[in-house]
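Have a look at this one before I ask anything.
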């Protein structure tokens, strides 16, 4: 799993004209927070297009078909 940092997300928002989170943690590097699901998916798609690798949001099966927001699959992994 890979946390997206504010500066990484800012590059995406600048390149696409996307929304920036209104809440920032600092000073120093920090994972981006307060991002809508749709915007997070758009970031993963943008990063995939830009790098040629496949990035996606995490899912987990929990022993059934129920989906959960965190799992053992990569957040931004190849």
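The values are calculated or read from the model by the stated rules, or taken from the named source; none is laboratory data. Not measured: the values here are computed from a predicted model. Virtual Cβ from ideal backbone geometry, glycine too; neighbours counted across all protein chains shown.
If you check residue 8 against the conditions, is it loosely packed, with under 15 Cβ neighbours inside 10 Å, in contact (Cβ under 8 Å) with a residue 12 or more places away in the chain and closer than 18 Å to residue 57 by Cα?
Taking the combined requirement at face value, the residue does not satisfy it.
How many of the residues in the stretch 25-37 are surrounded by 13 or more Cβ atoms within 10 Å (Cβ to Cβ) and modelled with pLDDT under 75?
1
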